[in-house]
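Peer 1: There's a structure below that I have some questions on.
The values are calculated or read from the model by the stated rules, or taken from the named source; none is laboratory data. Because the structure is predicted, anything quoted here is derived from the model rather than measured. Methodologically, a virtual Cβ is constructed for each residue, glycine included, from the backbone with ideal geometry; neighbour enumeration extends over all protein chains shown. Please note that ligands, DNA and RNA were not included when accessible areas were found on the heavy atoms of the full protein model with its side chains. Shrake-Rupley method; radii C 1.70, N 1.55, O 1.52, S 1.80 Å.
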Amino acid sequence: MSQASTTLPRWIDIGLIPLINVLMALLVSGAIILMIGENPIEAVQIMLVGALGYEEGIGYTLYYTTNFIFTGLAVAVAFHAGLFNIGGEGQAYIGGLGAGLFLLMADSSLPSILLLPLGLITAGLFGAAWAAIPAYLQAYRGSHIVITTIMFNFIASALMVFLMVNVLIKPGQMSPESRVFLDPAHLPFAHEVFAWMGIKISRSPLNVSLIWAVLCCFGLWLFIWRTRWGYAIRSVGFNEKAAVYAGITPAKTVMLAMFVSGALAGFVGVNEVMGVHHRLLLNFTAGYGFTGIAVSLMGRNHPLGIVLASLLFGVLYQGGAELAFEVPTITRELVVVIQGLVILFSGALAYMSTPWVEWLYGRFSKRQAESRQEAA
Amino acid sequence: MEQSFLFLVLTLDATLRVSTPLIFCAMAGLFSERSGIIDISLEGKMLAAAFAAASVAAVTGSAWLALIAGVAVAVGLALLHGFACITHKGNHVVSGVAINILASGLTIVLGIAWFQRGGQTPSLPPTARFMPVEFPLAQAVDGVPVLGTIYRELLSGHNLLVYVAFLIVPLTWWVVYRTRFGLRLRAVGENPTAVDTAGLSVSWLRFRAVMLCGLLTGLAGTYLSIAQNASFVRDMTAGQGYIALAAMIFGKWRPFPAFGACLIFGLLDAVAIRLQGVHVAGIGEVPVEFIQALPYILTVILLAGFIGKAVAPKAIGMPYLKER
Amino acid sequence: MVNPVTDRSTVLPQAEKASPAVLPAAIQLTRICKSFGPVRANHNVNITIAAGSIHGIIGENGAGKSTLMSILYGFYETDSGLIEVDGKPVTITSPQAAIAVGIGMVHQHFMLIDTFTVLENIILGAETSTLLNPGLAEARIKLQKLEDEYGLNVDLDAMIGELPVGEQQRVEILKALYRNARILILDEPTGVLTPQETTQLFRILRALNREGVTIVLITHKLKEIMAITDTVSVMRAGEMVAHRKTEATDAEELAELMVGRKVFGTIDRGTAACGEPLLKVTGLRVDSDGAVPLLDDISFQVRAGEIVGIAGVSGNGQSELLEVLSGIRGFDAGEIMLNGRQVSPDHLCDPKAVRGLKTAHVPEDRHRLGMVTRFSAQESSILGYQDSAVYNRGPFFDLSRIKAECRRLMDGFDVRPRHPEILSANMSGGNQQKLILAREIDKDPEILLVGQPTRGVDIGAIEFIHRQLVELRNRGTAVLMVSVELDEVMKLSDRILVMFGGRIVAEVAGPDADEKTLGLMMANAHGCTPAPADTHA
Amino acid sequence: MSFLKQSAVVGTVLMMSFAAQAADDKPAVVFDMGGKFDKSFNQGVYAGAERFKKETGVSYREFEVTNETQREQAIRKMAQRGQSPIVGVGFAQSSAIETVAKEYPDLKFTIIDGYVVLPNVQAVLFKEHEGSFLVGMLAAMASKTGKVGYIGGMDIPLIRAFGCGYEQGAKYSNPAVEVIQNMTGTTPAAWNDPGRGSELTKGQIDRGADVIYAAAGGTGVGVYQAAKDSGKLAIGVDSNQNHLHPGTMLSSMVKRVDVAAYNSFKQGLDGTWKAGVQSLGLKEGGVDWALDENNRSLVSADMEARVNQAKADIISGKIKVHDYRSDNKCVM
């Protein structure tokens, strides 16, 4: 790993190789599309046009991107502490529950200016609290966080169904959904915001959560690389013993990292519950927590990379929906397959292409040096 | 008395059926993790195997060909895991997650493409399945109290793979602790450098371990789709791979304790199924959701309370890099 | 195959042996090159090791000795060059191939599995049957024969993790012999041994040599080369710089060849001007999982302006003592006074609080404790002081300040390259150690705890570090130093405490110490406490 | 860059061709998350739509949603293309239909299993409790042990309504009957867990149940299989599933979502489509019990007569079957 970074220039290491990995994943996906009898090139075109070709499509793409930024950052911050948080799904679920409970309680008594920030904070706190339990068990009881966070996904789901079916369901309603929040509790949609400015754009679920997501990226970057807490998190992640030597308590740091991670995952609830659906309902997390793993891996756990990877997955999700719309034989699960392939190639096989690239680069730079010599 | 005894026997009987895939997967995980390869892709391999077995059984009508197909696909995925973790020194957990997601998507995409049933495979006739094996005299001993009931209900009348699962446990123990391969397997999970300097190939050992893991998850998947059930249904593994992994950790990476943990989880599930909708004195009806979540809650509690810091093989999850 | 190499200083290896003229060289390496990226670890290395000899290879850390041996043992493939064993060209691409041509290796870090028995460890990879038990029985017979033959006594059924290191090393030797090794390579074998154990090892090596085993000894200790080898080769910066017959050279010449310049062996300490006791330990005890405590009844004090050295074979409680004093590890009984403040298990017993008592700590293992190798140098340079107001402005790091401070430390301690943004892992061992030392000394500690101050550090840097420690002591700091290098302890200490089995078994004034008596104390020849050490540490 | 441009061109072309298609009367259906092969109501709608296509030769556009947000997106996309009528399947699509229908007042929308009142929305609801009541009676009559079972899919009010109707029917026929109820799970995975369905069934059989009714989508497959393997009876749901295991399928509670979808499409084509809420019970033929050659031998003449009598009584209002969804309570 370190050898790769010492012999190759940075742009190859963090630019070209990830790109090659994504391309390989897409190539295999293309083969699968061929296998089920469709034209992959056409599929790509439909996807790109569907995701980026018109206003509404772009809106949806960015709406998905918002979710992936949150879950990607959540996975990344845990990764920096050496933890693998697979529980983003459950944390997002509970985060949404928190926001929903708060708004159901307070939407008639508080103005927007208080409701929205407090809802956001509640979502973060609920997500964080849900992550804090596995974190506590890892830090103080030695339970493996991968297992416990998976279990907590299942438990969150059960809890949510119990509450939705038995407690929060809107009376007389047949589907397990809460009542719709009052207007002040809605986060403004992008088309609404633009309308205030006199610009008309198509309706889409894109809302101001995206701004919060971008702020979170910047905030997390500062937090990880510019504060003593981020320093502590990275120390524990890289070398726990050195962290202990430095007076950092790994257990507390694990708690901190997971708390931040859970809060970030919980913000998916802000986008979904406060931004789009305006009510509590089941399954609004739709696998975003798991996709966060792929996003974080592709983005190399760096906020900037995560934004780019989130965009890519946003395109994949929206374009994939469009594809399923246009080509009936291609089903929605194809996007799941592509997602799995991206995790495989960008994560587990991240360094597969490195030797080849090194070899090519070696030849290329040699030839360049030779021709330069000749010229001289 | 009679009634509650029968209830007990029948609950245990269900325990056997429910814990069978867990046992296969726990032993599979044990081989992999003892060699130092973390495997959270038990779930995905089992799912893929279930799909392959059901597909082949539907097309050929042969349970045995289906078994071979299920095992082959699971071993293939295991090799992919090995290729990522051993050959390319990728992160084990990430590779596992990728395989799980891939399996859950691909089984449906291919299922729809091949069978046009929304990811489900056609229902299988009994001839294409592993059907319950009736022990000799099972009906004859019916009259014998206690023992007769146990023989007829508990021991007899399971399908072949259930019995195989229960034989796999002592076999695993024997392989791990009584053979040359087992010695090397344990060594490579503890200290791969030592194994390398002893003139053994770390990669080959680990590849063999993950292939064994694939074999056993293949059996688990086959059991699910063509023995316990009669077709493949999307995401039919429903988290059992994770539970098996938890059982293996709970059993501290040792065959018999892991087996015990599988039985506990199986029993829990069997009891939960029977307790659903039952009014518990003083509490009233326990919410279904709680019963559903119980195995997961219990896993968390068991992992946190009983075994505390689980001692994994020392070199687990670490790619083997030759050091200067 | 007589002297085919036209190296300027190749010796005639067959010089004194009985009739080796007809024997081909056990190992002959010709123009071996090996690079890791831009780093040339071995460059045009030529060496001839005569059959039946004891051949030493000496060089500083990083000179390329271990790379060369790894090539011989099949860990690395050469970029170019020829390897011949017993006169025949061979390609060694794996340890298996090395074993097949009769090469055995005892690694610096033992290649043993703690949870296996001795017997299981030895047969691992050389089992004779698919089933374990028959193979074990067969091996037991063969091993007993080997043990008798060479006087190597090891309990075959003992668990490796419970054996002292000396015995573990014997297991490693047995392992090589069990695989019919005729050429035995030992990589820094004495680092973890007491002088007495070293003597015993050498006795075993001579016995093996008498039976016809060729022995290659890799070390950076001149004394050992002089004590046991027939011939010696010197490596520096990846190249072979000289080959000598041991009897035709001396330690000074070898040292010069190793370093490439004259070396000064002594240091002017001046006299100790002891003041108040700053570090006081009374009746300290740390329990372990087993019956025997890790530390038992430790009492001593260190005064201002004094260096107290702790001698002992590693694994006798020194590491634990440093960990307790620096707050990393808790303790079960006793009393610690740091700078006049009492530290108890539930009060001030954590690294941060200990630092607050003006106690600095240069840890034994710089890679695992002293720095985060994946941090930049400037990030490593604030490890332990990351919360200090100097480095923070509000909630954020003051990065320019951190960088400036790091550069200042690098200037003061001659850390190279002087580049605060370099990855810590990419600095040499000596420079890493200097940076850690700089970080800790810079805070003007009243007490300095320092473990293995010069482990893995090249000679030039050793001198520098020693001077810094003495200077610090002269400024009135109380220094407690743990080192397994007896020379170092004797050279620097005003007083020496000897640890064995978790206890302090002797105290000697620095000037009175001599290697022999210290060695006996370290082996606890006086029998103060028969408790075995915890080998886990 | 040029590639992007090129695909933009392709996209424009595609868009234009859609616009051209939109001029025709083109029906569309948006399936719910279970997917069109869920062996339950999505599949019923699919069957109805296919029948329409076969009979009229008019093809339709379809989409299966994968997450909550896509419901509205898919329906709006259909609307943008001028598809009409647009059939939304499942109660969860109600709010999406409501939103989009307001935006496109000229298009026709049909929501199946959902309640939306708008001038351009047709809401089709079913009285599953009535159909379940009948099969509950059948179960109680066929049972030798006096114990019958019900296995639901995901624990939601709709599925509880099935169980509640079933229990009322069983009790109506035999007040002493014991009804064992189980839910498969709490997540959508519960619709596709035949393994668990099989275990639940065996559990119920072990507790004495000998007729088991499943309203659990794909999970039902495991239920029917397990019942067959144990030689007990099972009751299918939504579509007529009697053919799955002739001889052990006592009957099926048929919910004619296929008819609802077919009618919507057909009426759209004929111009007879009408907005408004329809609640389809036994009276309207929206739900029923299935009797065919596959289960003929299991249903005695007496049973048949009694069930049909009850059916008539329900239609006439003599028997009132309580709907769980009306107050989230199961009142006997």
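Peer 1: Could you state how much accessible area B:MET318 has, in square angstrom rounded to the nearest 10, with a 1.4 Å probe and all protein chains kept in place?
Peer 2: Solvent-accessible area, nearest 10 Å²: 100 Å².
Peer 1: Now for a separate question. Estimate for me the total accessible surface buried between chains B and A (protein heavy atoms, probe 1.4 Å, no ligands or nucleic acids), in Å² to the nearest 100.
Peer 2: Approximately 3500 Å², summed over both chains.
Peer 1: Considering the options A:PHE194, A:THR331, A:ASN153, tell which one lies farthest towards the positive end of the dipole of chain A, charges being +1 on Lys and Arg and -1 on Asp and Glu at the Cβ, about the Cα centre.
Peer 2: The residue sitting farthest along the positive end of the dipole is A:ASN153.
Peer 1: Now for a different question. How much accessible surface area, in Å² rounded to 10, belongs to the heavy atoms of D:THR99 with a 1.4 Å probe?
Peer 2: It works out to around 40 Å².
Peer 1: Relative contact order, percent, of chain D when contacts are C-alpha pairs under 8 Å separated by at least 6 residues? Don't jump to the answer; show the numbers that get you there.
Peer 2: Working: 727 pairs, mean separation 60.6, N = 332.
Computed over chain D, the figure is 18 percent.
Peer 1: Rounded, prolate or oblate: which fits region C:369-443 when a ≥ b ≥ c are the square roots of the eigenvalues of the alpha-carbon gyration tensor, with rounded for a/c under 1.5 and prolate only if a/b beats b/c?
Peer 2: Values: a/c = 1.67, a/b = 1.56, b/c = 1.07.
Verdict is prolate for region C:369-443.
Peer 1: Also, quick follow-up: Calculate for chain D the 222 nm mean residue ellipticity that helices alone would give, adding -39,500 (n - 2.57) per DSSP H run of length 4 or more and normalising by residue count, nearest 500 deg cm²/dmol. Please list the in-between numbers first.
Peer 2: Numbers: 11 runs with 150 residues, N = 332.
Computed ellipticity for chain D at 222 nm equals -14500 deg cm²/dmol.
Peer 1: Kindly state, to the nearest 0.05, the FRET efficiency for C:SER80 paired with C:VAL39, given R0 = 22 Å and r defined as their beta-carbon distance. The partial results should precede the final answer.
Peer 2: Values: r = 16 Å, r/R0 = 0.73.
Calculated value: 0.85.
Peer 1: A further question on this structure: Express the carbon and sulfur contribution to the solvent-accessible surface of region C:45-176 as a percent, rounded to the nearest whole number, probe 1.4 angstrom.
Peer 2: Numbers: 2390 of 4700 Å².
Of all accessible area on region C:45-176, carbon and sulfur atoms account for 51 percent.
Peer 1: Before rounding to the nearest 500, sum -39500 (n - 2.57) across all DSSP H runs of length at least 4 in chain A and divide by the residue total; then give [θ] at 222 nm in deg cm²/dmol. Each step should come with its number before you reach the end.
Peer 2: On the way: 16 runs with 256 residues, N = 376.
-22500 deg cm²/dmol, from helical runs alone.
Peer 1: Still on this model: When a/c reaches 1.5 or more, the comparison of a/b and b/c decides; with that in mind, is region A:1-80 rounded, prolate or oblate per its Cα gyration tensor? If you can, show how the numbers build up before the last one.
Peer 2: Numbers: a/c = 2.28, a/b = 1.32, b/c = 1.73.
Since a/c reaches 1.5 but b/c is at least a/b, the shape of region A:1-80 is classed as oblate.
Peer 1: Set the Förster distance to 60 Å, then compute FRET efficiency between C:LYS142 and A:ILE121 from the Cβ-Cβ distance, nearest 0.05. List each step's numbers first, then the result.
Peer 2: Working: r = 72 Å, r/R0 = 1.20.
With R0 = 60 Å, the Cβ-Cβ based efficiency is 0.25.
Peer 1: Could you sort A:THR122, C:THR199 by their accessible area in this structure, using a 1.4 Å probe and putting the largest first? All intermediate terms of the calculation are to be shown ahead of the outcome.
Peer 2: Details: A:THR122 25, C:THR199 75 Å².
Descending order: C:THR199, A:THR122.
Peer 1: Shielding by partners for D:202-214, please: the mean number of other protein chain Cβ atoms within 10 Å of each residue's Cβ. Please report the intermediate quantities before stating the final value.
Peer 2: Details: counts 8, 11, 4, 1, 11, 5, 1, 0, 0, 0, 0, 0, 0.
Shielding by partners across D:202-214 averages 3.
Peer 1: How much accessible surface does B:MET211 have with a 1.4 Å probe, in Å² rounded to 10?
Peer 2: 60
Peer 1: Right, next: Counting protein heavy atoms only and a 1.4 angstrom probe, how many square angstrom of accessible surface do chains A and C bury in total, to the nearest 100?
Peer 2: So the total buried area for this chain pair works out to about 2200 Å².
Peer 1: Just the number, please: Stokes-Einstein D of region C:132-173 in µm²/s, Kirkwood Rh from C-alpha pairs, 4 °C, 1.567 mPa s. Could you put the intermediate results ahead of the total?
Peer 2: Values: Rh = 11.0 Å.
My calculation gives 118 µm²/s for D.
Peer 1: How do B:SER104, C:SER299 rank by accessible surface area computed with a 1.4 Å probe, from largest to smallest?
Peer 2: C:SER299, B:SER104
Peer 1: Under 16 Å Cα to Cα from D:LYS53, which lysines show up? Leave out anything in the same chain fewer than 8 places away.
Peer 2: D:LYS26, D:LYS36, D:LYS266
Peer 1: Here is a follow-up. Determine which residues of region B:153-175 fall in the zone a paramagnetic label at B:ALA140 would reach in this model, i.e. backbone nitrogen under 17 Å from the point 7 Å along Cα→Cβ.
Peer 2: B:153, B:156-157
Peer 1: Ok, one more. Relative contact order, percent, of region D:102-218 when contacts are C-alpha pairs under 8 Å separated by at least 6 residues?
Peer 2: Result for region D:102-218 is 28 percent.
Peer 1: Residue by residue, what Karplus-based ³J(HN,Hα) values in Hz, rounded to whole numbers, does region A:65-70 have, using 6.51, -1.76 and 1.60 with θ = phi - 60° and x for Gly and Pro?
Peer 2: 3, 4, 4, 5, 4, 4
Peer 1: Within the P(r) computed for chain B, what percentage of the Cα pairs occupies the region above 35 Å?
Peer 2: Details: 12398 of 52326 pairs.
Cα-Cα pairs of chain B separated by over 35 Å account for 24 percent.
Peer 1: I've got another one for you. Could you work out what % of the accessible surface of chain A is carbon and sulfur, using a 1.4 angstrom probe and leaving DNA, RNA and ligands out of the count?
Peer 2: Of the solvent-accessible surface of chain A, carbon and sulfur hold 69 percent.
Peer 1: What is the calculated FRET efficiency for B:ILE301 to D:LEU269, with r their C-beta to C-beta distance and R₀ = 60 Å, to the nearest 0.05?
Peer 2: Details: r = 60 Å, r/R0 = 1.00.
FRET efficiency, B:ILE301 to D:LEU269: 0.50.
Peer 1: Sticking with this structure for a sec: Let a ≥ b ≥ c be the square roots of the eigenvalues of the Cα gyration tensor of chain C; is it rounded (a/c under 1.5), or, if not, prolate (a/b larger than b/c) or oblate? If you can, show how the numbers build up before the last one.
Peer 2: Numbers: a/c = 1.86, a/b = 1.46, b/c = 1.28.
Since a/c reaches 1.5 and a/b is larger than b/c, the shape of chain C is classed as prolate.
Peer 1: Give me the 1.4 Å probe accessible area per residue for the protein assembly as shown, excluding ligands and nucleic acids, in Å².
Peer 2: Numbers: 58290 Å² over 1569 residues.
Value returned for the protein assembly as shown: 37 Å² of accessible area per residue.
Peer 1: Given H placed 1.01 Å from N in the peptide plane, which residues other than close sequence neighbours of C:LEU131 have an amide H under 5 Å from its amide H?
Peer 2: B:ARG180
Peer 1: Normalised by the number of residues in chain C, what is the relative contact order in percent for Cα pairs under 8 Å and 6+ residues apart? Intermediate results must be reported in sequence, preceding the final value.
Peer 2: Working: 1075 pairs, mean separation 79.0, N = 537.
Over chain C, the number comes to 15 percent.
Peer 1: Can you tell me the convex hull volume per residue for region A:10-369, based on C-alpha atoms, in Å³ to the nearest whole number?
Peer 2: Considering the Cα atoms of region A:10-369, their hull volume per residue is 179 Å³.
Peer 1: What do you get for the angle between helix A:354-375 and the principal long axis of chain A? Use alpha-carbon atoms, 0 to 90 degrees, nearest ten.
Peer 2: Roughly 50 degrees, rounded to the nearest 10.
Peer 1: If you don't mind, there's one more thing I want to ask. Please compute the average number of Cβ atoms from other chains found within 10 Å of each residue's Cβ in peptide C:121-129. Don't jump to the answer; show the numbers that get you there.
Peer 2: Details: counts 5, 1, 3, 13, 12, 3, 5, 1, 2.
Per-residue shielding by partner chains comes out at 5.
Peer 1: Given charges of +1 on the Cβ of Lys and Arg and -1 on the Cβ of Asp and Glu, with all other atoms neutral, how large is the dipole of chain D about its Cα centre, in debye to the nearest 20?
Peer 2: Numbers: 36 positive and 36 negative charges, 28 e Å.
Roughly 140 debye for chain D.
Peer 1: While we're on this one: For peptide A:247-257, compute the average count of partner chain beta-carbon atoms within 10 Å of each residue's beta-carbon. Could the numbers behind the result be given before it?
Peer 2: Details: counts 15, 6, 3, 0, 0, 0, 0, 0, 0, 0, 0.
Whole-number average of other-chain Cβ neighbours for A:247-257 is 2.
Peer 1: To test your reading of the geometry: what angle, between 0 and 90 degrees and rounded to tens, separates the Cα axis of helix B:288-301 from the longest principal axis of chain B?
Peer 2: Once rounded, the angle reads 40 degrees.
Peer 1: Continuing with this model, one more query. Work out from phi, with θ = phi - 60° and the Karplus expression 6.51 cos²θ - 1.76 cosθ + 1.60, the ³J(HN,Hα) of each residue of region C:148-162, listed in order in whole Hz, and give x for Gly and Pro.
Peer 2: With the stated coefficients, region C:148-162 comes to 5, 4, 9, x, 9, 9, 9, 6, 5, 9, 6, 7, 4, x, 9 Hz.
Peer 1: Let me ask something additional. So how much slack lies between D:SER326 and D:THR56, counting 0.36 nm per residue of separation and subtracting their Cα-Cα distance, in nm?
Peer 2: Values: separation 270, 0.36 × 270 = 97.20 nm, distance 3.84 nm.
Full extension from D:SER326 to D:THR56 adds 93.4 nm.
Peer 1: I've got another one for you. I'd like to verify something in chain D: which complete DSSP H helices, judged by Cα projection on the helix axis, reach 18 Å or more and average at least -0.5 on the Kyte-Doolittle scale?
Peer 2: Helix filter hits for chain D: D:2-22, D:128-142, D:157-173, D:257-270, D:301-316.
Peer 1: Of the listed pairs D:LYS147/D:LYS171; D:LYS171/D:LYS320; C:LYS403/C:LYS443; A:LYS252/C:LYS403, which have alpha-carbon separations greater than 18 Å here? Please list the in-between numbers first.
Peer 2: Values: D:LYS147/D:LYS171 11 Å; D:LYS171/D:LYS320 13 Å; C:LYS403/C:LYS443 16 Å; A:LYS252/C:LYS403 28 Å.
Long pairs (Cα-Cα over 18 Å): A:LYS252/C:LYS403.
Peer 1: Hey, any idea what Rg/Rh is for the protein assembly as shown, computing Rh the Kirkwood way over Cα pairs? Kindly include the intermediate steps, with their values, before the conclusion.
Peer 2: Values: Rg = 37.4 Å, Rh = 36.6 Å.
The Rg/Rh ratio comes out at 1.02.
Peer 1: Rounded to whole Hz and in sequence order, give me ³J(HN,Hα) for region C:40-48 from the Karplus expression 6.51 cos²θ - 1.76 cosθ + 1.60, θ = phi - 60°, writing x for Gly and Pro.
Peer 2: 8, 6, 9, 9, 6, 8, 10, 7, 10
Peer 1: Could you list which residues have their amide H under 5 Å from that of D:GLU64, counting only those 5 or more apart in sequence or on another chain, with H placed in the peptide plane?
Peer 2: Amide H neighbours of D:GLU64, under 5 Å, 5+ apart: D:PHE31.
Peer 1: Using modelled backbone amide H atoms (1.01 Å from N, in-plane), which distant-in-sequence or interchain residues come within less than 5 Å of D:ILE180's amide H?
Peer 2: Amide H to amide H, under 5 Å and 5 or more residues apart or across chains, D:ILE180 pairs with D:VAL148, D:GLY149, D:TYR150.
Peer 1: Quick one: putting +1 on the C-beta of Lys and Arg, -1 on the C-beta of Asp and Glu, what dipole do you get for the protein assembly as shown around its Cα centre, in Debye to the nearest 20?
Peer 2: 1700
Peer 1: Order B:PHE256, B:PHE5, most accessible first, counting only protein heavy atoms with a 1.4 angstrom probe. Let's see the in-between values first.
Peer 2: Numbers: B:PHE256 100, B:PHE5 45 Å².
These residues rank, largest area first, as B:PHE256, B:PHE5.
Peer 1: Return the value, in Å² to the nearest 100, of accessible area buried between chains A and D (probe 1.4 Å, both sides summed). Before the final figure, lay out each step's value.
Peer 2: Values: alone 18640 and 14570 Å², together 29590 Å².
Its buried surface, counting both partners, is about 3600 Å².
Peer 1: Towards the positive end of the charge dipole of the protein assembly as shown, with charges on Cβ (+1 Lys, Arg; -1 Asp, Glu), say which of D:MET154, A:VAL214, A:LEU264 has the farthest Cα.
Peer 2: Farthest towards the positive pole: A:VAL214.
Peer 1: What distance in nm separates the simple spin-label points at B:VAL286 and C:ALA97, each placed 7 Å from Cα in the Cβ direction?
Peer 2: 6.3
Peer 1: Among the listed pairs A:LYS170/D:LYS102; C:LYS223/C:LYS245; C:LYS65/C:LYS434; D:LYS144/D:LYS318, which have their C-alpha atoms separated by more than 20 angstrom in this model? Please report the intermediate quantities before stating the final value.
Peer 2: On the way: A:LYS170/D:LYS102 22 Å; C:LYS223/C:LYS245 15 Å; C:LYS65/C:LYS434 23 Å; D:LYS144/D:LYS318 28 Å.
Result: A:LYS170/D:LYS102; C:LYS65/C:LYS434; D:LYS144/D:LYS318 exceed 20 Å.
Peer 1: Which residues, if any, in region A:183-227 lose at least 30 square angstrom of accessible heavy-atom surface (probe 1.4 Å) when the other protein chains sit next to their chain rather than the chain being alone?
Peer 2: When all protein chains are present, A:ARG203, A:ARG226, A:THR227 each give up 30 Å² or more of accessible surface.
Peer 1: For A:LEU222 and A:MET105 in one chain, what is 0.36 nm times their gap in residues minus the Cα-Cα distance, to one decimal in nm?
Peer 2: Values: separation 117, 0.36 × 117 = 42.12 nm, distance 3.44 nm.
Gain on stretching A:LEU222 to A:MET105: 38.7 nm.
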